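The values are calculated or read from the model by the stated rules, or taken from the named source; none is laboratory data. Computed from a predicted structure; not experimentally measured. Note: ideal-geometry Cβ built from the backbone for every residue, glycine included; neighbour counts use all protein chains shown.
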Amino acid sequence: MLRKFATRLFSKEIQAQVKSHVDLAVRVLDDHRDRLYSSDRYPRDRHAYDREEVLQDALEAWRINPLARRIVELVTQYVVGGGLSIESKHVRTNAFLQEWWNHRLNNMPMRIYEWCDELTRSGELFITMATDPSGMSYLRAIPAIDIQEIETSENDLDQELFIYEKINLADSIPETSLGPGGQLRGRRWTAYNPDADNPTEPVILHYAVNKPVGGLHGESDLAPILRWLSRYAAWLEDRARLNRYRQSFIYTVTSRFTNEAERLQRQAQLNMDPPNPGSILVIDESETWNVLSPQLASFEAAEDGLALKKMVAVGSGNPLHFLAEPESATRTTAEASGGPTYRHYQQRQTYFLWLVQDLARAAIRRRKYFDRLININEPIQVTAADISSRDNTELAKAAKEIIAAFAQLRQAGLIDDAEFLRIAYRFAGEAVDIQDLLARGKKGGATHGSPLLPEEQGNGDADSPNPSN
């Protein structure tokens, strides 16, 4: 009776406890459940442990491998080049931009080099923004490896809500929280939202490159070539060790000794005063001297090293002559192989300029709360040096020739002004708003009834008369 009474009284509690323990056991053993409740639950992203390993390996390769360091430097040297400039046509907005850009605690002219390196090395940037009571915003970058989780909107991965750092034992308890799977999370940062921003609170902005569709995290540019960098370094080290031991040798002395003590005495005598290279050694017929050297041969070593380096070059998007490997001595081949590389650098430069522009616009929006004269709708121009100066020369020649050809069509009335401008700027390599240019041209007033041919514009010298004067 007592047993039946206890069963009826505590059966629900016992079942709940059993179910809880079973769930805990399944949570440990079931990989599918782990993926659902861990920070790498998005199938297009790497698992958290894999992403951390790649980031650590990329940083280590950048530190100790000259090829990895050079690949990262090449991206920064072409993308940032001699530096970036930022401006706005609105006077007061431009004044704040220059103050923000050159502020001692921001130091953006120097910081952009570090950020471009980090973007290449880690594949993403996490920039925190804090604003003081005067409206000045300060930027700091958090290493990507210190980020644990990105929380997004339920139906849109691009709408990031919160970003969590990894748990730090030095953090206070209020800065830690439990994630969906019960894991501890560190400090929570609010993702920047221009429509619901509070300038008094710090926010974080996330930028990523090499990100697959449906993923949250970017990929390091070094990720595909880490194993090949390691193999090339191991191959090169083996070659250096092999060449070192290949040059080593020892002397063997053959003689007849009456006992072991006599042999050891002769060996000690020779070790105390070994013969120098080029010296003359006189011996009697009782001794025979020979030289032993390792017969180490490695066939097709150069081809193996070149094959490994080609994998590194292909993975990084650089031709071999960018990586100190003049595979071809012809200038034409070298210039042709640089074309795809310049395209890659141009795409990265476009993204990096947009990144800086987005940060500047966020800083201006926050400044607007403290200075009503700031114009947040005024366009911000961020410019950088061209990727290749040779491209400018070729584009200038192409634009000159196409303008000369199409000017005659325009004078004959076969094309309109919009088509003429489209063709001219297309061959000049510039993407512009044709209708905006036409409107600005009408506003500025026309100086000629028809476009001028190159022959009508003088020979291009500084002393030539300008028809527009």
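Which numbered condition trips up Asp34, out of (1) surrounded by 15 or more Cβ atoms within 10 Å (Cβ to Cβ); (2) modelled with pLDDT of 90 or more?
For Asp34, the exception is condition (2).
So is Arg246 modelled with pLDDT of 90 or more and within 30 Å of Gln295 (Cβ to Cβ) or not? Step through it out loud before you land on a result.
On the way: modelled with pLDDT of 90 or more: no; within 30 Å of Gln295 (Cβ to Cβ): yes.
Answer is no for this residue.
Quick one: which residue in Gly81, Gly135 is assigned by TED's automatic domain parsing to the domain that holds Trp354, among the small types (Gly, Ala, Ser) and touching a Lys or Arg at 6+ places or on another chain (Cβ under 7 Å)? Lay out the reasoning, then the answer.
On the way: Gly81 fails: touching a Lys or Arg at 6+ places or on another chain (Cβ under 7 Å).
The conditions single out Gly135.
Can you tell me how many residues in segment 213-254 are assigned to a loop (DSSP other than H, G, I, E, B) and touching a helix residue (DSSP H, G or I) at 6+ places or on another chain (Cβ under 7 Å)? Show your work before the answer.
Filtering segment 213-254 for residues assigned to a loop (DSSP other than H, G, I, E, B) gives 213-222, 247-249.
Now drop any that are not touching a helix residue (DSSP H, G or I) at 6+ places or on another chain (Cβ under 7 Å), which leaves 217, 220-222.
Adding up the residues that qualify gives 4.
Looking at Trp115, Trp100 in this structure, which one is farther than 19 Å from Val312 by Cα and under 12 Å from the mean Cα position of the chain (by Cα)?
On the way: Trp100 fails: under 12 Å from the mean Cα position of the chain (by Cα).
Result: Trp115 is the single residue among Trp115, Trp100 that is farther than 19 Å from Val312 by Cα and under 12 Å from the mean Cα position of the chain (by Cα).
List pairs: first residue in segment 334-361 and at pLDDT below 90 and polar (S, T, N, Q), second residue outside any helix (DSSP H, G or I) and surrounded by 16 or more Cβ atoms within 10 Å (Cβ to Cβ) anywhere in the structure, Cβ distance under 9 angstrom, at least six positions apart or on different chains.
Ser337/Pro319; Thr341/Gly317; Thr341/Asn318; Thr341/Pro319
Considering only segment 382-394, state which residues are under 30 Å from Gln98 (Cα atoms) and loosely packed, with under 14 Cβ neighbours inside 10 Å.
Applying the first criterion (under 30 Å from Gln98 (Cα atoms)) to segment 382-394 yields 382-389, 392.
Of everything in segment 382-394, those that are under 30 Å from Gln98 (Cα atoms) and loosely packed, with under 14 Cβ neighbours inside 10 Å turn out to be Thr383, Ser389, Asn392.
Examine segment 57-66 for a residue that is part of a strand (DSSP E or B) and either under 14 Å from the mean Cα position of the chain (by Cα) or not assigned by TED's automatic domain parsing to the domain that holds Pro224 (or both), and state whether such a residue exists.
Within segment 57-66, the first condition is being part of a strand (DSSP E or B), and the residues that meet it are none.
Looking for residues that are part of a strand (DSSP E or B) and either under 14 Å from the mean Cα position of the chain (by Cα) or not assigned by TED's automatic domain parsing to the domain that holds Pro224 (or both), one finds none in segment 57-66, hence no.
For Ser220, all conditions in the list (1) surrounded by 16 or more Cβ atoms within 10 Å (Cβ to Cβ); (2) of a type in the set (Gly, Ala, Ser); (3) farther than 28 Å from Ala58 by Cα hold save one; what is the number of the exception?
Answer for Ser220: the failing condition is (3).
Which of the residues belonging to segment 118-142 are touching a residue at least 40 places away in the same chain (Cβ under 8 Å) and under 21 Å from Asp50 (Cα atoms)?
Selection gives Leu119, Thr120, Arg121, Ser122, Gly123, Glu124, Leu125, Phe126, Ile142.
Going through segment 395-421 one residue at a time, which ones are surrounded by fewer than 18 Cβ atoms within 10 Å (Cβ to Cβ) and under 24 Å from Gly339 (Cβ atoms)? Break it down stepwise before answering.
Going through segment 395-421, the residues surrounded by fewer than 18 Cβ atoms within 10 Å (Cβ to Cβ) turn out to be 395-398, 400-402, 404-405, 408-409, 411-419.
Within segment 395-421, Leu395, Ala396, Lys397, Ala398, Lys400, Glu401, Ile402 meet the criteria.
So, Arg366, is that one of a type outside the set (Val, Ile, Thr), in a helix (DSSP H, G or I), touching a Cys at 6+ places or on another chain (Cβ under 9 Å) and within 30 Å of Val80 (Cα to Cα) or not? Steps first, please.
Working: of a type outside the set (Val, Ile, Thr): yes; in a helix (DSSP H, G or I): yes; touching a Cys at 6+ places or on another chain (Cβ under 9 Å): no; within 30 Å of Val80 (Cα to Cα): yes.
No: the conditions fail for Arg366.
Could you tell me whether Glu262 is acidic (Asp, Glu) and modelled with pLDDT of 80 or more? Talk me through it step by step, then tell me what you get.
Numbers: acidic (Asp, Glu): yes; modelled with pLDDT of 80 or more: yes.
Yes: the conditions hold for Glu262.
Restrict the check to segment 295-305 and report whether at least one residue is in contact (Cβ under 8 Å) with a residue 12 or more places away in the chain and surrounded by 15 or more Cβ atoms within 10 Å (Cβ to Cβ).
yes
With the requirement that a residue be without any contact (Cβ under 8 Å) to a residue 24 or more places away in the chain and among the charged types (D, E, K, R), what does segment 74-117 give you?
Listed by number, the list holds a single entry, Arg104.
Just to verify a result, which residue in segment 71-101, among those that are polar (S, T, N, Q) and in contact with a helix residue (DSSP H, G or I) (Cβ under 7 Å, 6 or more places away or on another chain), is surrounded by the most Cβ atoms within 10 Å (Cβ to Cβ)? Reasoning before the result, please.
Start the filter on segment 71-101 by keeping residues that are polar (S, T, N, Q), which leaves 76-77, 85, 88, 93-94, 98.
After this cut, where a residue has to be in contact with a helix residue (DSSP H, G or I) (Cβ under 7 Å, 6 or more places away or on another chain) as well, the list is 76, 88, 93.
Values: Thr76: 20, Ser88: 20, Thr93: 24.
In this case the residue turns out to be Thr93.
Mind checking which residues of segment 274-290 are loosely packed, with under 10 Cβ neighbours inside 10 Å and among the acidic types (Asp, Glu)?
Asp284, Glu285
Which one of Leu395, Leu355, Leu414, Leu359 is outside the structural domain of Glu118 (by TED's automatic domain parsing) and part of a helix (DSSP H, G or I)? Steps first, please.
Details: Leu355 fails: outside the structural domain of Glu118 (by TED's automatic domain parsing); Leu414 fails: part of a helix (DSSP H, G or I); Leu359 fails: outside the structural domain of Glu118 (by TED's automatic domain parsing).
Of the residues listed, the single one that is outside the structural domain of Glu118 (by TED's automatic domain parsing) and part of a helix (DSSP H, G or I) is Leu395.
Is it the case that segment 227-248 has a residue that's assigned by TED's automatic domain parsing to the domain that holds Arg51, of a type outside the set (Gly, Ala, Ser), surrounded by 13 or more Cβ atoms within 10 Å (Cβ to Cβ) and under 30 Å from Ala362 (Cβ atoms)?
No, the conditions are met nowhere in segment 227-248.
Go through the residues of segment 355-369 one by one and say whether even a single one is more than 28 Å from Ile204 (Cβ to Cβ) and hydrophobic (A, V, I, L, M, F, W, C).
Taking segment 355-369 and keeping what is more than 28 Å from Ile204 (Cβ to Cβ), we get none.
No - not one qualifying residue is present in segment 355-369.
When you check Glu124 against the structure, is it assigned by TED's automatic domain parsing to the domain that holds Leu359 and at pLDDT 95 or above, yes or no? It would help to see each step written out before you state the result.
On the way: assigned by TED's automatic domain parsing to the domain that holds Leu359: yes; at pLDDT 95 or above: yes.
Spelling it out, Glu124 is indeed assigned by TED's automatic domain parsing to the domain that holds Leu359 and at pLDDT 95 or above.
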